[in-house]
Amino acid sequence: TKWVYGFGAGRNDGKADMRNLLGGKGANLAEMASIGLPVPPGFTVTTEVCTYYYDNGRQYPPELKAQADEALARIEEAVGAKFGDATNPLLVSVRSGARVSMPGMMDTVLNLGLNDDTVQGLAKRSGDERFAWDSYRRFVQMYGSVVLGVDHHRFEEIIEEAKHSSGAVEDTELTAADWQKVVAEYKAMVAQAIGKPFPLDPQDQLWGAIGAVFGSWMNPRANTYRRLHDIPASWGTAVNVQAMVFGNMGNDCATGVCFTRDPSTGENIFYGEYLINAQGEDVVAGIRTPQPMAKEKAKPGERSMEEAMPEAYAELCKVRETLERHYTDMQDIEFTVQSNKLYMLQTRNGKRTAAASLKVAVDMAEEGLIDRTEAVKRVSPGSLDQLLHPTLDPKAPRKVLTKGLPASPGAACGVVVFSAEEAEARANKGEAVVLVRIETSPEDIAGMHAAKGILTTRGGMTSHAAVVARGMGRPCVAGAGGIVVDYAAGTISAGGQVVRGGETITLDGATGEVFLGAVPMIEPKLSGDFATLMGWADEVRRLKVRANAETPLDADTARKFGAEGIGLCRTEHMFFDADRIGSVRQMIMSETEGGRRAALEKLLPFQRSDFVELFRIMAGLPVTIRLLDPPLHEFLPHKDEELAEVAESLGADLATMKRRAADLSEANPMLGHRGCRLGVTFPEIYEMQARAIFEAALEIAEETGKPVVPEIMIPLVGMKKELEITRAQVDKVAKEVFEAKGKSVEYLVGTMIELPRAALTADRIAESADFFSFGTNDLTQTTFGLSRDDAGKFLPYYVEKDILPKDPFVSLDVEGVGALVEIAAEKGRKTKDKLKLGICGEHGGDPASIQFCETAGLDYVSCSPYRVPVARLAAAQAAL
Ligand code: ADP
Ligand code: MG
Ligand code: MG
């Protein structure tokens, strides 16, 4: 077996599509080398070695050592230096790299191969004593903390002490002799901490670092991250060993991190940060302030790379173009300049905000880098959610607490918490929280996920908090140095103002501002790139997208978002309004048909005007109206004065009312007297609703001159007879209304399929139905035999233990509930081949469920208004 793949040393064994074997970093290093970009030579130890290692009691495959030695020899030859050689030493970095970039993995170790002998060689060859000792101390520090597990504070203490005794403020002021002393103290401290000497043999160092990378694959941080992101442990990580290039060898050297486009906005400009005379993570560590890439981005006092190193910058600009053309996507790159020569150390598809993702996809299609269908595929439907949600109202009054970096856009408002654990705990209770940290690290991921927004006081645009927040779509303000966070006291203070944990703040990740209290937000804009991409999506999708809406506001929103009708109007929601709840209660509490009819008479005009408004907003589009569904007791009066009011309206006494209320209460209301069972036993209710619908339809058809085709939906049908009976009531009312008004409209009568029995007998039910709409919320409850309202007590456990892959109320259970949907669709269409099929549960807005609906051949999905664009895009992707 080939366990080791070389790159850059005259031969490239790997390429970009081998990320499963080589990890993302290794595969792209090989790819960059093979398209002629300047990549320091190196080799990748494959992910299969990692798997082997864990399958074999932490042993390596026997052939590994020889393959690695051979690959190392090729690097030595390419670089012209020897690993461990005292006069001309080769130094390497050891870098982890899984298939997907994964925080929690071992940090990179740089300058490996240095010891008391080789440091002399490095000093001589470079002619720079200080550089050599600085590199050595960096190595001992990284190796000591990352591989040997010594607390990094202990290294920092030694540096602080060295600075103090030599009167230096910055690290850069320390001399070769200072660093030499630091190295000696480091080694002594490490030896004391781990109980054995610091390893000085380069081979020991190398295999120690490789072992640490594999070991980190199973550490708790990595495990948490994998769990949150559905990454199987079996993937394993690769290890990259690569010849060092030095960005810390003087002022013609630098290191940097950048994106080929702006990852916050998507704007087509070179975006990033670099530091002169620095190494590796110095850029993100926040010790010195990184400088901008492009001259036009430089603020007063800053020195752009374009100005400081014009040649290397020009080369980097060419690399930027090459990479975008080659990968046809925005890249996130890491580079180092050694003596004015550029070296590429990493490239990958850049993480970006939803806004940037949209803009980059549309721009790249318009630039001809990709085609429109590819652009449609590029944007994750779920991420649109972020663009559809409100931003801060610019006119709203606000009190600024502080300003930091605009690290991830969007507005967030919530109570202040200071730890990831508290963020999770309070979010689980339904609270909106803002996580406030000095800085974040991989162990904070779960808390960042739980928070509405993230605020840090340290770190730049490429800090951990910023990168992770952008990836998750959480608004983030980073590096807000103007505030002081005191974990112990539980306070944030800024210029005399103090905010305590539990108090509300608002942050704007697009501007970096942080405000006291809650600031009102406004609706998003849906024009421009958004409209363009949605247009392309609409061209390719087959599924129609409707919305679930009852109120005029929801219906308006739905149309604005491009809904092609209403797929579910839940009429019971119209019964709770203050102006009618009295009559609703009167209807329910009445013990006679006459009493009920009298109350329904009063409800008719309300219900009619509800439908008038909906039909007007939806003019020309289909509107599915579900007749009354919930158990009656949901409308029951609870307080004594409410009971007394109903008693008075019915001319009954309080005791009778209480008895009636008790009679109506049910042991298991979700499976009780609800849905069409009400319509069957109290026909007058559905009759009133049907009358309201038809009268409204006639009115709006006349007013708008457009056809109004109500689709009347009977809920909770389990038997064909139920539908026959209720349908007959509707048809009878239609006839009466049409005769009385001397005109008519077309209408459909259909049913929800939300009981297993309905699905299994769908061929029979279809005889009386013009359409089916799958009510997948109830269908999930009844298929699993579990109540959604109680499932919270155990479902999370089920998902965690992998008993269920996902919450079936969020994403349709294809195996079980989906099977019933398929059976019903097939049986229904056997009876009526044109039977219209839709879905109207929460699932109608879930991309994975929409994919299922496409495969099952449904005609439309219906979801909440805000999810409509998500559904349109998901439907397009499902069709591709
Ligand atoms: P991460 O996955 O955390 O980004 P990397 O393996 O990319 O870790 O290493 C972090 C940084 O270390 C790189 O961006 C680069 O600046 C530096 N680095 C890694 N390998 C080398 C090398 N061979 N020569 C110079 N710098 C390197
Ligand atoms: Mg790192
Ligand atoms: Mg990197």
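Spatial offset of segment 16-34 relative to segment 610-638 amounts to 56 Å, using the alpha carbon center of each.
Residues whose amide H lies under 5 Å from that of LYS836, counting only those 5 or more places away or on a different chain, are PHE772; hydrogens are built 1.01 Å from N in the peptide plane.
Amide H to amide H, with H built 1.01 Å from N, LEU812 comes under 5 Å of SER849, counting only residues 5 or more places away or on other chains. As a ratio to 2.2 N^0.38 Å, the alpha-carbon radius of gyration computed for segment 4-243 takes the value 1.04.
Backbone amide hydrogens, once placed in the peptide plane, bring ASN248 within less than 5 Å of ALA278, excluding anything fewer than 5 places away on its chain.
Bridge orientation summary for the chain: considering DSSP beta bridges with both residues in this region, about 65 percent are antiparallel. State the dimensionless ratio Rg/Rh of the chain (Rg: radius of gyration of Cα atoms; Rh: Kirkwood radius). Computed over Cα atoms, the ratio is 1.06. Inter-part distance, segment 322-358 to segment 516-565, computed on C-alpha centroids, equals 33 Å. Think of each Lys and Arg Cβ as +1 and each Asp and Glu Cβ as -1; about the Cα centre, that makes the dipole of the chain roughly 860 debye. Rounded if a/c is under 1.5, else prolate if a/b is larger than b/c, else oblate: which is segment 510-634, with a ≥ b ≥ c the root eigenvalues of its Cα gyration tensor? Because a/c hits 1.5 or more and a/b fails to exceed b/c, segment 510-634 counts as oblate.
By the helix-only formula, in which each DSSP H run with n ≥ 4 contributes -39500 (n - 2.57) and the sum is divided by residues, the chain has a 222 nm mean residue ellipticity of -13500 deg cm²/dmol. As a rough guide to protection, the peptides 264-275, 66-77 ranked by mean Cβ packing within 10 Å, highest first, stand as 264-275, 66-77. Summary of the geometry: segment 768-796 and segment 227-302, compared by the centres of their Cα atoms, lie 49 Å apart. Per-residue packing, averaged as other Cβ atoms within 10 Å, sorts the ranges 116-129, 299-312 into the order 116-129, 299-312, beginning with the highest. Taking every C-alpha pair closer than 8 Å and separated by at least 6 residues, the mean separation divided by the residue count of the chain gives a relative contact order of 8 percent. Built from the Cα atoms of segment 128-273, the convex hull projects on average onto 12.3 nm², one quarter of its surface area. Let me know the shape class of segment 389-522, please: from the alpha-carbon gyration tensor, a ≥ b ≥ c as square roots of the eigenvalues, rounded when a/c is under 1.5, otherwise prolate if a/b is greater than b/c, or oblate. Since a/c stays below 1.5, the shape of segment 389-522 is classed as rounded.
Here segment 302-386 was treated as a single set of alpha-carbon atoms; its pair distances binned every 5 Å from 0 give 3, 13, 20, 19, 15, 13, 9, 6, 2, 0 percent.
Counted as membrane-span-like here are DSSP H helices of the chain whose alpha-carbon atoms extend 24 Å or more along the helix's own axis and whose Kyte-Doolittle mean is -0.5 or above; these are 176-194, 593-617, 683-704.
Bear in mind these aren't lab numbers, they're just calculated from the coordinates by the rules spelled out. All values derive from a computational prediction rather than experimental measurement. Methodologically, a virtual Cβ is constructed for each residue, glycine included, from the backbone with ideal geometry; neighbour enumeration extends over all protein chains shown.
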